[in-house]
1. Would you mind checking which residues have amide H under 5 Å from A:Arg510's amide H? H placed 1.01 Å from N; only 5 or more apart, or other chain.
2. Please list 3J(HN,Hα) in residue order for segment A:399-404, calculated via the Karplus relation 6.51 cos²θ - 1.76 cosθ + 1.60 where θ = phi - 60°; whole Hz, with x for glycine and proline.
3. What are the DSSP H helices in chain A that stretch 24 Å or more along their long axis, judged by alpha-carbon atoms, and whose average Kyte-Doolittle hydropathy comes to at least 0.0?
4. Relative to the longest principal axis of chain B, what angle (0 to 90°, nearest 10) does the C-alpha long axis of helix B:45-78 take?
5. So how many Å³ per residue does the convex hull of the Cα atoms of segment A:425-558 work out to?
6. Can you tell me the length gained on complete extension of the stretch A:Leu138 to A:Arg514, counting 0.36 nm per residue apart and subtracting the Cα distance?
7. Report the extension gain between A:Asp405 and A:Glu113 in nm, rounded to one decimal, defined as 0.36 nm multiplied by the number of residues separating them, less their alpha carbon distance.
8. Using only the alpha-carbon atoms of chain B, report the extent along each of the three principal axes, biggest first, to the nearest angstrom.
Amino acid sequence: MTISAERPTHEDVGTPRTPASRAPWTQRPGWLSQHLGTAIVVGFLGYLFGHWLGNAIASNYTYIANDGQNTVADTLGLLFMVVGFLGGIGALNYPLAKIVGRTANEDEETPVEGWSKYFRYTLDHKVVGIQYIVGVLLFMFTGGLLAMAVRSELLSPTTHLFSPDTYIKIVSEHGTVMMMMATSIIVGPLGNYLVPLMIGSRRMAFPRIEAFSFWVFIAGYMVIFSALPLGGFPTGWTGYAPLQTQAGPGMIGYLLGFAVIGLGMMAAGFNIAVTIVNYRAPGMTWSRLPIFVWSILATAALLTLATPVLFAGGLFGLLDKTAQTAFYVSEHGGSSYLWQNLFWFFGHPEVYIMALPGFGIVGELVPVFARKPLFAYKIAAAGMIGVALLSFFVWQHHLFQSGIDPDMRPLFMLTTELISIPTGFIFLVGMGTLYRAKIRFEVPMLFCMAVFFNFLIGGVTGVFLSDVPVNVTVHGGFFVLSHFHYTIMGGLLFAFMAGLYYWLPKMTGRMMNRKIGMVHFWTMFVFFNLTFFPMFIIGLLGQPRRVFTYAKNLQGLNDFSSISAFLLGLSFLIFFANLMWSMFIKPEKAPANPWESLGLEWQTASPVPPHNFDRIPVITTDPYGYGEAAAPAPAYVAASADPTSTSSQT
Amino acid sequence: MAENSSQKNGDLRRITIIWLIVTVVGEVLFWTLVAKHVPPGRMTETAASSQSTFNILMGFAMPVLFGVWVFMAYAGRVWSDKRNPNPAMGGAMARNHRATSVAWITITSVVVLFLAVIGTIGLIHDHGSGGGEGPNPIYSPAGATQAEAAALAGTATWSPGSNKVLPVQVIAQQWKFTYRYPTFGGFETSQLMLPADTTIAFNVTSLDVIHSFWAYQLGVKADANPQVNNVAFTETKSPGNFMVRCSELCGIWHGAMFNSGKVVSQSAFMSWAQGTESANTANTADLPAFAWTYVPDANGAAGGYYLDGKVTPYSTSEQYGAKQPAS
């Protein structure tokens, strides 16, 4: 096949250097240099410093006189904790050196052998991808434990396990953690790991910003969780404003956490978008781009454009709480509607930040297991772009009953229903690909089928919610709660699982166990539906969201849902057991291309060499030519023609 | 090729037949057994509209749901690796089939636009469908504007058979609902009583954080915002009981913020209202003058988080609770 035209600018990164033994020990590779441990220590010191500073400059500035709670100190403490954490991990070495005009020490670019690299600030997108997997799983399991607590309280129609105070804090923390996890769950791990491999690049466009986005994500996790020791917050993940202004210091963890994670989302978004636009291999035209990359591109655009609104909204709230500004205080000239608008102007595109990567994974995997080309490729790409564009024009459907700008309700009802047209494209593409295929029901394929099943329910109930007369009944109740769990958990999380089962062999060289995987899939699928489907009925029967008491006649349905939820939790333990078993306890070596995929990411060597491709591949076709005579052999890449060559010249 | 196309037609025919059977069975079961029990019932015009629209949407949703599910089930059964002896379909048709794509997009677009039209008709025809319409509702029932203006001026009247709109104010605060009746001297009560066969204008406001007034069986939901009068209309029909819940998270005791209300006959309502008005005269005198919104007193209803104890100088609203003794 064709051999690459080399682009020398891609060359430098990842070229092994001689170990920098002359460098100061803080910058030496391995356990002696900066890593997660130093980051935590410096972050803690930063917290102490910030807290002291806040008390020094604003000691009388408390919400309730003499209560000893200084909001400024709490805010600055967390802020300096983030700065200290980033400094401690080494994220600031390079920019600071550049700012003061020194030659930056670039040893972080040196590939490191062994485990220590996963705990360090590293520029290899493959390491960042693995770090993200661990990060999002950490988010997911903590959020999941909180969900178990919520369902335990709802076993009884009266308060019985937690006080109302504790309960509302658990609910709020669950929602916030899960939403922030979900914004990154596919873009972070799979997007960072796979995009360069799929477009034939040796690196991301901005590797430092990529690493920064991950470590800021972890810092944001710590900030959001700091809300609990600070006393929690009672607002749910939506944080509506007068309640937000009224809430205690735990609210700072929420507001600053959004701002910090928002920073990471913006960084990840534009890094990925720039990479996809500029770092495609020769021949990787827009019509040959894998559909997963299309979905990540649309998501990256949303991350870049929508997240600044959340970032600003969070900072306004922080200023209201610390500097006594009045962005959201209507008595003082602000407006509580401002928060609702800012939040949902971000919040609705965010919903599609969560949905699109799931569509991408499904579109990518279904052809592999159907052994057929992707049906209507261009419609799939158009659907993703259409969803991304329309998502900016629907946010006021969250405010249908709020009393704001009611004249626009017909318009927002229309735009909201219109968005189901491009979403429907995904189903056309999926069903068209399944048509007269030869489907291999491996674990990832089952998860993909479940995405279609679940997301269909989520999408159709979304049409109910968009309709104002029905919205009056279903808004703010368990119906909408069930709806978005069907789209986010039933769509995104199932797609993430499909992606993990599918790509972990590539990432780690080890197969996930198929039998345990089957048990995991069926328990997760069945109990997911048994948990959330009754909630549609519970909601229609009049149970509002976020309540600890409910009508006694709803106990049967609630208990059914709770017990299913515990079993759903169990299915995640099965997944975790499978992960441990297949990766560490009894690893089984994966074949080079276990699914017989034509995807470019499977054509490079396994494990992937530090700079991905010995020679930059030249792309001649899209990766969906299953069963086509004209299709390229799996190795349509000029694969490692010369394995010793690290910088091939033609 | 001939074999292929006949086989293809066979597949499509079988899928269509199964889909038709399942859909017809589903629709018949839904419309005969479920439809008339769909919440929130038909206690008011808006509730009935909510229920009818839900049922129409359900009628459209079922063919879509069953279509995809039947197709997926068929694919899993017939086109699985183990059962399908033929190779997967190839050729240009596997990559795109223009007629199918165009049909799909056309059908989804038409359905979606049709549903948007149905929803809009419901919204306008039922005067906001029981949803909060803000301080200046554009979809008002006849007579509502006059009744509201009269209520604020203190000149509103209502009597059985007068066929007038009855304004009722809903005041939400952490964590209870109270109701004021401007037509009857502006007395305040925690009991929501409504006359049957009457158009009600709920004027929903809050004294502290955002709540949401959800009169479930009435099909009414309107957010209660501080300093905002959020108006929602409904037309009651027969007498009955209904439940009121707060459906916007408003703090720790959000889950316990509920009470109930009653729709009674017009004459029963009249005697209740007049009786309560006279029994509450002393209390009503201590209340702030009737207004659409109230600013919380720093010592009073829901204040306490502004240290200076003063209320903002630039609001024309009445101070709620200002006549209560300072704590």
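1. Sorted by chain and number, the residues that satisfy this are A:Ala590.
2. Computed from phi, the couplings for segment A:399-404 are 10, 4, 9, 7, x, 9 Hz.
3. Span-like helices, by this rule, are A:36-57, A:71-89, A:125-153, A:164-184, A:207-226, A:250-278, A:291-322, A:336-370, A:443-466, A:514-540, A:555-580.
4. Approximately 30 degrees, to the nearest ten.
5. So the per-residue hull volume is 137 Å³.
6. Details: separation 376, 0.36 × 376 = 135.36 nm, distance 2.36 nm.
Between A:Leu138 and A:Arg514, full extension yields an extra 133.0 nm.
7. 99.2 nm
8. Result, largest extent first: 91, 50, 32 Å.
Just so you know, all these numbers are worked out from the coordinates, no wet-lab data involved. Keep in mind the model is a prediction, meaning the values are calculated, not measured. Counting neighbours? That spans all protein chains shown, and the Cβs are built from the backbone with ideal geometry, glycine included.
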